[in-house]
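A short reminder: the numbers here are calculations on the coordinates, not readings from a lab. What you see is a predicted model; the values in this text were computed from it and never measured. Cβ placement follows ideal geometry from the backbone for every residue including glycine, while neighbour counts extend to all protein chains displayed.
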Amino acid sequence: MCGIVGYIGKRNCADVLIDSLRKLEYRGYDSAGIAVFENNTIKVEKCQGKLDNLVKKMEVDGKPVGNCGIGHTRWATHGEPSDINSHPHGNKRVSIVHNGIIENYAKIKAFLTEQGYSFVSQTDTETVAKLLDYYYDGDPVKTILKVISEIEGSYALGIIFRDFPDRVFAVRKDCPLIIGVGQGENFIASDVPAIIDYTRNYYLLDCDEVAVITENNVVIYDNHNEPVKKELQTADWDADAAEKGGYKHFMLKEIHEQPTAVKTTITPRINEGMPDFSECGLDDEKLASYNNIYIVACGTAMHAGMVGKYVIEKLARTRVTVDMASEFRYRDPIVGKGDLVILISQSGETADTREALIISKKKGADTLAFVNVKGSSIAREADMVMYTHAGPEISVASTKAFTVQISMMYMFAFKLAYAKKVISEDECREYVHKLTQIPQLIEKTLTHDDEAQYAASRIMNAESLLYIGRGLDYALSMEGSLKLKEISYIHSEAYAAGELKHGPIALISEQTPVIAIATQSNIIGKTLSNISEVKSRGAKVVLMCSENTVIKENIADYIIRIPECDELLMPILAAVPLQLIAYYTAILRGNDVDQPRNLAKSVTVE
C-alpha cells in the first residue's frame with residue numbers, strides 16, 4: 001500500500017505535494033519522491049526513508065519550482081527500500097507514481113528489454129513507465145488505455161508527460177484514487193486526507209477510467225476513450241476522520257482493508273496457478289529437505305503460526321512445533337542443521353522473536369521471516385524473507401496483519417506439501433485457487449457486521465468470558481480471546497472444547513458468556529456437545545459456524561454464520577467477526593480502541 005498525489009494549479013507544486021504526502025504517510029514510509037514540471041522539463045527528487053528525508057534532500061538539491069507534478073510515499077513490494085527503487089519512475093518523456101502490484105511485470109520487462117530498454121530499479125512500476133514510453137504517440141489518453149489493456153494486477157497511477165506540462169493524468173484498477181476539485185486547482189490522491197486542507201470536493205474514479213486534470217477542468221474517459229459524467233462528492237468529515245477514510249477508528253478501517261491486504265499478499269506468490277517462493281530462493285528441493293519446521297512468534301503472530309501448524313501437518317505430513325518467542329529463547333531449543341525456523345512478526349522488530357532468530361542461526365537452522373515492514377531487523381537478519389503486504393497497521397490491535405500472516409502460512413503449506421509430494425500438482429492448484437477466492441468472501445463476511453454488534457451488546461457487561469473450539473477453531477479461539485482482552489479489558493480465556501471437563505467448566509455460570517467456534521464438519525458434533533454442556537450450566541452462548549451448518553434449535557443464544565468455503569480456509573473468514581465482536585465490545589464500554597491501555601504496537605524490549 002502506497003500513497004500517491006498530484007497537483008495542477010497556481011500554488012508552488014512541490015509544497016502542495018509534500019503537504020499532501022504528509023497526510024498519506026501512514027500508507028507507506030519506505031521512501032518518498034516528487035516529479036515537478038520546471039522550465040519545460042520534469043525534475044525528479046526522491047530518496048529512501050520517511051518524507052522528512054526528502055525535505056532535507058531538497059534543502060540541499062533545491063526544491064523544484066513549478067505548478068504541476070506528482071508525488072509518492074512508498075510501502076515497498078517489488079524491490080527493497082532504496083533511492084533507486086523510490087518513485088517516481090520514468091524518463092525525460094514520462095514520469096509515473098504507482099500504488100499496487102503489476103502481476104505480469106516480468107513478462108513486460110522481458111519484452112521491453114528485447115526492444116532495447118534498460119532498467120535501473122527492481123520495481124514493477126518501472127516496467128509500466130517504460131511501456132508508456134514505448135507506446136507513446138503524442139496522445140496520452142490513447143497511450144494509457146493501450147498500456148492498461150496489457151498490464152495485469154492492481155494499480156492507481158499518477159502520470160505526467162513532458163509534452164503536456166499543464167496537466168496530470170490518472171487511472172486506477174482495484175487500488176483507491178480520487179480526483180480533488182478546487183478553485184483554479186485540481187488534485188489526485190489515494191485518499192481524502194491528502195486534499196482535505198485544499199478542497200472537500202472530489203470525484204471517485206472507477207476502474208480503468210482515465211482522468212485528465214488541468215487547473216480549471218477535469219475530464220474523465222472510459223476504457224473506450226469516451227467521456228463520462230461523474231457525480232461530485234463532498235467530504236463531510238474533519239481531517240482526523242479523513243485519515244481514517246471515514247471510519248471511526250483505524251482498527252475498523254483496517255478490518256475492512258483485509259480483502260485487499262490478503263489479495264495483495266498472495267497474488268505475487270502465485271505463478272501459473274502454483275505457489276512461488278522464488279523471491280526468497282526457497283525452491284521445492286530445498287523445502288523438501290527440511291526435517292522439522294519450527295514456527296516462532298509472539299501474540300497474534302503466534303496464533304497465525306498455530307493455524308499454520310494445523311494446515312502444514314495436515315497437508316504436508318511434516319512435524320511442526322509452534323513456540324512463543326519469549327520461551328523459545330530461554331529453553332535451549334533442540335533445533336539445528338536440516339531444520340527450518342519460521343519467524344513471524346508484523347513490525348519485524350519484535351525483540352523476543354529477533355533473539356529467537358539469532359539463536360536459531362547460531363544452532364545451524366535455516367531461518368525464514370514473514371514480516372510486514374521492509375528493511376526491519378528481522379527482515380535483514382533472516383536467511384530468507386517473505387513480506388506480507390498488509391500496508392501500515394496503525395491500530396495497536398492487529399487485524400489485517402493476522403489475516404495476511406495466515407494467508408502466507410497457507411501458501412507455505414501448499415508449497416511444502418507439493419514439494420514433499422504429499423499432494424499432486426492438480427490438488428495444489430485447487431488449493432491455491434480456493435485461496436484466491438477468499439478476499440471476496442471476506443467482503444461478504446464484512447456485510448454482516450450488525451451480527452457482531454449484537455453479539456457485543458450481549459457480552460459487554462461480562463467480567464469473564466470463555467472462547468472454545470477444536471482443531472483450527474481452537475487456534476482461532478486463542479486469537480479471538482486475545483483481541484477481546486486487548487481492547488475491551490474483559491478477562492477471557494480460550495480452551496480446546498474437549499478440555500472443558502478437565503477443569504475450565506467449573507468457571508461456567510450465568511455470568512460467564514461463551515463464544516464457540518464450530519466450522520470443521522468432522523468434529524462439529526463433538527463441539528456442539530460441549531456447547532450443550534456449558535448451556536445447561538447457564539452460560540449464554542454465541543455460536544459461530546458456516547452458512548449451511550444445520551444447528552438444532554436452542555443450542556445457542558445467538559448464531560453468527562460465515563460464508564461457505566473450504567473448511568481448511570475457514571480461519572481467515574472466522575477471524576473477521578471475532579475482530580468485530582472485540583471492536584464493538586470495546587466501543588460499547590467506552591474504551592480507546594486504537595490505543596488500548598498499557599500496550600504498544602511493536603514490542604521492541606523484553
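What to note about this one:
- Residue among Ile572, Ser347, Phe187 farthest towards the positive dipole end of the chain, charges placed on Cβ: Ser347
- Reciprocal mean inverse distance between Cα atoms of the stretch 445-588 - Kirkwood radius, Å: 14.6 Å
- Charge dipole of the chain about the Cα centre (unit charges at C-beta), most positive-ward option of Leu441, Ile96, Asn12: Leu441
- For the chain, the residue among Gly538, Leu315, Ser82 whose Cα projects farthest onto the positive side of the dipole built from Cβ charges is Gly538.
- Value of Rg/Rh across the stretch 1-140 [Cα atoms, Kirkwood radius]: 0.96
- Residue order, fewest to most surrounding Cβ atoms within 10 angstrom, among Glu427, Glu59: Glu59, Glu427
- Taking other C-beta atoms within 10 Å as the exposure proxy, Thr199, Thr403, Thr41 rank Thr41, Thr199, Thr403 from fewest upward.
- Of every Cα-Cα pair in the stretch 467-549, the percent that sits beyond 22 Å: 17 percent
- Seen from a random direction on average, the alpha-carbon convex hull of the stretch 251-430 projects onto 9.3 square nanometres.
- The stretch 3-243 shape via C-alpha gyration tensor axes, a/c threshold 1.5: rounded
- P(r) of the chain over all Cα-Cα pairs, binned every 10 Å from zero, in whole percent: 3, 16, 25, 25, 18, 9, 3, 0
- Net dipole in debye of the stretch 171-320 [+1 Lys, Arg Cβ; -1 Asp, Glu Cβ; about Cα centre; nearest 20]: 820 debye
- Amide H to amide H, with H built 1.01 Å from N, Glu38 comes under 5 Å of Lys43, counting only residues 5 or more places away or on other chains.
- With the cut-off at under 19 Å, measuring from each backbone N in the stretch 67-81 to a point 7 Å along the Cα-to-Cβ line of Val120 picks out 70-74, 78-81.
- Taking amide hydrogens as placed 1.01 Å from N in the peptide plane, the amide H of Asp323 sits under 5 Å from those of Ile295, Val296, Ala297, each at least 5 positions away in sequence or on another chain.
- DSSP beta bridges in the chain [antiparallel fraction, %, rounded to 5]: 60 percent
- 3J(HN,Hα) couplings calculated from phi for the stretch 553-558 with the Karplus curve 6.51 cos²θ - 1.76 cosθ + 1.60 (θ = phi - 60°) are, in sequence order, 4, 6, 6, 9, 7, 8 Hz; Gly and Pro show x.
- Highest to lowest packing among 167-175, 513-521, scored as the average C-beta count within 10 Å: 513-521, 167-175
- Using the Karplus relation 6.51 cos²θ - 1.76 cosθ + 1.60 with θ = phi - 60°, the per-residue 3J(HN,Hα) values for the stretch 334-341 come to 8, 9, x, 4, x, 10, 10, 10 Hz, with x marking Gly and Pro.
- Test item: Cα-centred dipole of the stretch 3-243, Lys/Arg +1 and Asp/Glu -1 on Cβ, debye: 500 debye
- For Ser31, the residues whose modelled amide H falls within less than 5 Å of its own, excluding neighbours fewer than 5 places apart on the same chain, are Gly49, Arg74.
- The stretch 544-589: C-alpha gyration tensor shape, a/c 1.5 cut-off, then a/b vs b/c: oblate
- Per-residue ellipticity at 222 nm computed for the chain from its helices equals -11000 deg cm²/dmol, with DSSP H segments shorter than 4 residues left out and the rest contributing -39,500 (n - 2.57).
- Total charge dipole magnitude, the chain, about the Cα centre, Cβ charges on Lys, Arg, Asp, Glu only, Debye to nearest 20: 900 debye
- In order along the stretch 374-387, the phi-based Karplus estimate (6.51 cos²θ - 1.76 cosθ + 1.60, θ = phi - 60°) of 3J(HN,Hα) comes to 4, x, 6, 4, 5, 4, 6, 8, 6, 5, 9, 9, 10, 8 Hz; Gly and Pro are listed as x.
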